[in-house]
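Written below as structure tokens is the structure these notes are about.
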Amino acid sequence: LSFYLSVPLFSLFTIAYLNHFVPASKSSELSETMEFDLENPLTSISSSKDSDSTTTPLLLFSSESDHMPSPDFLKTSVSYALFRREAIRIVSQADYSDPFLPYLAVNYMDRFASRLENMENKPWVVRLVVISCLSLASKMRNSDFSASDFQREGCFGFDEKTINRMEVMILHALQWRMRSITPFSFLEYFSLSFDTTASEQALKQRALKARAQDIIFKTQNEMKLLEFRPSAVAASALLAACQELFPLQFHSFERSISSCDCVNTDNLSRCLNHVQETIMCGCLTEDYTKSSIRRTPLSVLNWESTGGKSESESNSLSGTTIASDDVIGVARPIKRQKTDVNNMFL
């Protein structure tokens, strides 16, 4: 414990990254390449001279369940729905130049919460977890994020020591698996199944991916989608995008994706239904990308074709600063876990 708390957090990320994903012989070569790409979470492996074109997809499919919330947690945790709704509301209050940052932060939060027996649904606890997850995500993405600026509009704040200790608690609970496998990781793989004329293929695949990304971003607050594997969400987002942009090719695209050995067709069908229902009813998150410059599916096509919480709670907590000692007891780890997360605060 004293080692973890004394080593700079960036060094801890370096250790975790090298231990989990990089062979010892390659660690010196990759120690400086730390930015995490959600679309290529296993970049260090896929770029290896010893890998082939089938290695990365197989690794993604075989590992994706390790980067999901616990299925039992999703079935039994009623209170987390309220916690999560408030957390996403807080996340959405800020503008992000990197839209993947808040998405990754919410992914960390879901996985963290599922490994705890109980997450206190208190306003200050929600905000601390949100800030800590955003801070961790910014380190992985090498993006600018200021916890002090984020807290400027809030009714209470946390000192740096408190945030760092919560970060370590989250890292420990997630077993240092911070290079999350998300739906974005499968978009390239499934989009290659979209069959069209050679002259249009690259353009249409790019438009599909752009719209699918938007769908993934905007449906993140739908808790029902947490029960599905990231690959199923990715395939569903692409199919929903195809139905919008290229409806005549939807059925052939669906058959192509369903023929993949790693795809469960029943789960895909259920997931697609949830995605379509969420889009139709407008139950979408605040747009994380509102301050970023990103091409929409239509602008992609055009560009290519031309060559180019409650008021009483807020008042009662106004001006409050939470110190690190107050974090003890925020959450109790599941008893079956070998790791006692609360020991991180002793």
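The values are calculated or read from the model by the stated rules, or taken from the named source; none is laboratory data. Computed from a predicted model, the values in this text were never measured in an experiment. Note: ideal-geometry Cβ built from the backbone for every residue, glycine included; neighbour counts use all protein chains shown. Keep in mind that these areas ignore ligands, DNA and RNA; they rest on the heavy atoms of the full protein, side chains included. Shrake-Rupley method; radii C 1.70, N 1.55, O 1.52, S 1.80 Å.
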Considering residues that are surrounded by fewer than 19 Cβ atoms within 10 Å (Cβ to Cβ) and part of a helix (DSSP H, G or I), the number found within the stretch 148-160 is 3
Could we say that R165 is farther than 24 Å from S236 by Cα, assigned to a loop (DSSP other than H, G, I, E, B) and of a type in the set (D, E, K, R) here?
no
Does D261 satisfy the criteria of being open to solvent by less than 70 Å² (accessible area, probe 1.4 Å), modelled with pLDDT under 95, of a type outside the set (K, R) and in a loop (DSSP other than H, G, I, E, B)?
no
Go through the stretch 65-80 residue by residue and tally those that are under 21 Å from I131 (Cβ atoms), assigned to a helix (DSSP H, G or I) and open to solvent by less than 30 Å² (accessible area, probe 1.4 Å).
1
I want to confirm something. Restricting to the stretch 161-198 and keeping residues that are modelled with pLDDT of 90 or more and acidic (D, E), which single residue is surrounded by the most Cβ atoms within 10 Å (Cβ to Cβ)?
E167
Would you say R89 is at pLDDT below 95, crowded, with 17+ Cβ neighbours inside 10 Å and under 18 Å from the mean Cα position of the chain (by Cα)?
no
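Being at pLDDT 75 or above and over 16 Å from the mean Cα position of the chain (by Cα) is true for just one of L74, L58. Which residue is that?
The match here is L58.
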Only one residue in F184, F194 is of a type outside the set (S, T, Y), in contact with a Lys or Arg (Cβ under 7 Å, 6 or more places away or on another chain) and closer than 22 Å to S231 by Cα, so which one is that?
F194
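Restricting attention to the stretch 199-231, which residues are basic (K, R), open to solvent by 50 Å² or more (accessible area, probe 1.4 Å) and in a helix (DSSP H, G or I)?
R206, K218, K224
Would you mind stating whether Q201 is modelled with pLDDT under 95, more than 21 Å from S62 (Cα to Cα) and over 19 Å from the mean Cα position of the chain (by Cα)?
Against the criterion (modelled with pLDDT under 95, more than 21 Å from S62 (Cα to Cα) and over 19 Å from the mean Cα position of the chain (by Cα)), Q201 qualifies.
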Can you confirm whether S256 is over 16 Å from L104 (Cα atoms), of a type in the set (S, T, Y) and assigned to a helix (DSSP H, G or I)?
yes
Unmet requirement for S256, which otherwise passes all of (1) hydroxyl-bearing (S, T, Y); (2) open to solvent by less than 20 Å² (accessible area, probe 1.4 Å); (3) in contact with a Ser or Thr (Cβ under 7 Å, 6 or more places away or on another chain):
(2)
In the stretch 240-278, what residues are over 25 Å from the mean Cα position of the chain (by Cα) and among the aliphatic types (A, V, I, L, M)?
L245, L248
